[in-house]
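Take a look at the structure set out below.
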Amino acid sequence: MRKRLGVYHCVSRVVDRRRVLGEVEKEVMRKILWRVADFCGVELLTYCLMGNHFHVLVRAGRAQREVDDAVVFARAEGYYADGQSLAQREYWAEIERAYRKGGEEWSGWAERLRARMGDVSWFMRLFKQGFSVWFNQRGDRTGTLWERRFTSVLVEDAPLAVATVAAYIDLNPVRAGLVKDPKDYRWCGYAEALARGKRKRPSLCCLFQAKDWAEALARYRLILFNKGVSEKPGQASISPEARKAVQAKKGQLGLGSLVRHRVRYFSAGAVIGSRAFVEERFQAYRERFGSKRKKGAHALRGGNWEGLTSLRDLRKDTPG
């Protein structure tokens, strides 16, 4: 099956929604998340790790057939060599042995490893499995940790759509009343971008077509809060022009407020993006599976979403 390059918002929850993910658990999750992203070759745009669930936003589906053997081996070493379980470490020993031997034996291993790269399903599977192994060993427990596989929403790979969904994810701890500013929540992508920076700066700058990190951060922060925020010298801040633009809305809810409250669009929908993008995906679905509906795109309600639409009309109740 050909992998399609796209941006995906993925969510998974702990079984029975138990709040078992504390500070130590979330820090381990964060480290495993980056290791798996590096192995799979997916671009981790942002994430948020909460007490009983997590969100990730990734750009995945890029073909990995051209990744040479040395890179495949290095990625595998980064993920499997320090595996959480004896089985993972033994698996790594087999990979290393095959690589040193070369020939057809390594070619077979390389093909299997490449099949796991660039694929959002493999990314989520390895991430959840890796953390589950650590969690069960630490707590001397057995059984499943996650209540189901995972849910995902396809997001149009365009600056407005991606930034809006990213803001929804980074604002999770604000909605939960844990912090007033996502920069103060250690286990979200926005806070990591501020604290660590180097790994996420290229994605943000490219997303907003910004000339530098300060400009990208200012634009993203505007979407997060839709108001001016003063920062310490040397840190990014929202310009006076941006403040005036927000004031010009005359009280209308902007993206910053909307993504805090209209949460179902980002977790229960199927596709988020421009009307043309959503209709293209709906028509492809309709041709394959059939549908009485002729149009799939519905405008997002409740404020000015600047042209974003959803595949599903979320004003109506949908099956759980």
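The values are calculated or read from the model by the stated rules, or taken from the named source; none is laboratory data. The structure presented is a predicted model; accordingly, all values stated were derived computationally and were not measured. Cβ sites come from the backbone with ideal geometry, for glycine too, and all protein chains shown count toward neighbours.
Worth pointing out:
- No other residue among R65, R59 is among the charged types (D, E, K, R) and touching a Ser or Thr at 6+ places or on another chain (Cβ under 9 Å) apart from R59.
- Residue ID - nearest to M117 (Cα to Cα), chosen from residues in segment 61-73 that are of a type outside the set (A, V, I, L, M) and exposed (fewer than 14 other Cβ atoms within 10 Å of the Cβ): R65
- Exactly one residue out of V14, V7, V42, V58 is in contact with a His (Cβ under 9 Å, 6 or more places away or on another chain), farther than 14 Å from S132 by Cα, of a type outside the set (K, R) and in contact (Cβ under 8 Å) with a residue 40 or more places away in the chain: that is V58.
- Some residue of segment 123-134 being in contact with a Gly (Cβ under 7 Å, 6 or more places away or on another chain) and within 29 Å of V24 (Cβ to Cβ): no
- Candidate set from segment 177-197 (those that are at pLDDT 85 or above and not in a helix (DSSP H, G or I)); member that is nearest to A270 (Cα to Cα): C188
Here is a yes/no grid of residues against (1) without any contact (Cβ under 8 Å) to a residue 40 or more places away in the chain; (2) farther than 26 Å from G143 by Cα; (3) hydroxyl-bearing (S, T, Y):
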position	(1), (2), (3)
V72	no, yes, no
R75	no, yes, no
Y99	yes, yes, yes
G103	yes, yes, no
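- Of residues in segment 55-70 being farther than 19 Å from E111 by Cβ and not aliphatic (A, V, I, L, M), the one modelled with the highest pLDDT: H55
- Cβ-Cβ under 6 Å pairs, at least 6 apart or on other chains, segment 110-125 side over 15 Å from T151 (Cα atoms), far side part of a helix (DSSP H, G or I): A110/D69; A110/V72; L113/V72; L113/A76; R116/W122; M117/C40
- Some residue of segment 74-87 being surrounded by 18 or more Cβ atoms within 10 Å (Cβ to Cβ) and at positive phi: no
- Yes/no for C40 being in contact with a strand residue (DSSP E or B) (Cβ under 9 Å, 6 or more places away or on another chain), farther than 24 Å from R18 by Cα and either of a type in the set (F, W, Y) or at pLDDT 90 or above (or both): yes
- For segment 99-147, the candidate set comprises residues that are outside any helix (DSSP H, G or I) and of a type in the set (V, I, T); within that set, the residue that is surrounded by the most Cβ atoms within 10 Å (Cβ to Cβ) is T144.
- Yes/no for L45 being more than 30 Å from S107 (Cα to Cα), modelled with pLDDT of 90 or more and under 10 Å from the mean Cα position of the chain (by Cα): yes
- Selection count, segment 78-118, where residues are acidic (D, E) and in contact with a helix residue (DSSP H, G or I) (Cβ under 7 Å, 6 or more places away or on another chain): 1
Residue-wise test of (1) assigned to a loop (DSSP other than H, G, I, E, B); (2) of a type in the set (K, R).
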{"site": "R13", "(1), (2)": "no, yes"}
{"site": "L21", "(1), (2)": "yes, no"}
{"site": "E25", "(1), (2)": "no, no"}
{"site": "W34", "(1), (2)": "no, no"}
{"site": "A37", "(1), (2)": "no, no"}
{"site": "C48", "(1), (2)": "no, no"}
{"site": "V56", "(1), (2)": "no, no"}
{"site": "Q64", "(1), (2)": "yes, no"}
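- Among the conditions (1) in contact with a His (Cβ under 8 Å, 6 or more places away or on another chain); (2) at pLDDT below 85, the only one that I169 does not satisfy is (2).
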